[in-house]
């Protein structure tokens, strides 16, 4: 359950044509990196990473030249079960003592429709880097918060195979099948703040 989720995630930049070389910072209070994985071949277990940071730099002349970088604290994994989270942090899965962060860096962005994009980038998880494509839907607009900061948002999804990142632990079930699925579904919701719009952007309101 590497949940790379990648993060990735800072795709909100793609929502704002008209901002030349604008840098947006992910607001962790209003962003989430979630995942789901098959359990015992009968249901899905869901979780998230509580700590994510990153930036998006937009090019208003050509949004496909925008850049996305994101970092996730691997130890911040939370599946609402302390013992399971401890196992996921262990060498069987994320091995957070050796690989403390999960990172995503974009290298290609292509338009896929109105307010839709394909963001291809390198995901580094469990010490291994693989190319991942995020399907992104941008908000298509911006908004001002109560402190005058300009904000925008995006939603992204992706699917990865944990074995591609060297996370191979599993357990065979008595009746056949395996304990933990190999495919991880990732869902990212990102809200970003235009950098430099206000010094108060570093401390966004909770709502």
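For segment 187-199, give me the residue count where each residue is surrounded by 13 or more Cβ atoms within 10 Å (Cβ to Cβ), free of Cβ contacts under 8 Å to residues at least 60 places away in the same chain and not in a loop (DSSP other than H, G, I, E, B). Result for segment 187-199: 0. For segment 13-23, does any single residue satisfy the condition of being in a strand (DSSP E or B) and modelled with pLDDT under 95? Checking segment 13-23: at least one residue is in a strand (DSSP E or B) and modelled with pLDDT under 95. For the criterion of being part of a helix (DSSP H, G or I) and touching a helix residue (DSSP H, G or I) at 6+ places or on another chain (Cβ under 7 Å), residue 53 fails.
For segment 84-151, the strands (runs of 3 or more DSSP E) that sit wholly inside it and include 1 or more residues that are touching a residue at least 40 places away in the same chain (Cβ under 8 Å), at negative phi and more than 17 Å from the chain's Cα centre (by Cα) are 101-113.
In this entry, residue 33 is excluded by the filter for residues that are surrounded by 18 or more Cβ atoms within 10 Å (Cβ to Cβ), touching a residue at least 40 places away in the same chain (Cβ under 8 Å), more than 15 Å from the chain's Cα centre (by Cα) and assigned to a strand (DSSP E or B).
Quick check on this structure: which one of 184, 160, 178, 109 is farther than 25 Å from residue 65 by Cα and buried (at least 22 other Cβ atoms within 10 Å of the Cβ)?
Details: 160 fails: farther than 25 Å from residue 65 by Cα; 178 fails: buried (at least 22 other Cβ atoms within 10 Å of the Cβ); 109 fails: farther than 25 Å from residue 65 by Cα.
None of the others qualify; the one that does is 184.
What number of residues within segment 156-182 satisfy the criterion of being in contact (Cβ under 8 Å) with a residue 40 or more places away in the chain, assigned to a strand (DSSP E or B) and out of contact with any helix residue (DSSP H, G or I) (no Cβ under 8 Å at 6 or more places or on another chain)? Before you say what the answer is, go through the steps one by one.
As a first pass, look at segment 156-182 and keep what is in contact (Cβ under 8 Å) with a residue 40 or more places away in the chain: 156, 158, 160, 162, 165-167, 169, 173, 177-181.
Next, only the ones that are assigned to a strand (DSSP E or B) stay: 156, 158, 160, 178, 180-181.
This time we only want the ones that are out of contact with any helix residue (DSSP H, G or I) (no Cβ under 8 Å at 6 or more places or on another chain), so: 158, 160, 178, 180-181.
So the count comes out to 5.
Name every residue in segment 112-128 that is surrounded by fewer than 14 Cβ atoms within 10 Å (Cβ to Cβ) and closer than 22 Å to residue 181 by Cα, in order of residue number. Of everything in segment 112-128, those that are surrounded by fewer than 14 Cβ atoms within 10 Å (Cβ to Cβ) and closer than 22 Å to residue 181 by Cα turn out to be 127, 128.
The values are calculated or read from the model by the stated rules, or taken from the named source; none is laboratory data. These numbers come from a predicted model, not from an experiment. A quick note on method: Cβ atoms are made from the backbone with ideal geometry, for glycine too, and the neighbour counts reach across all protein chains shown.
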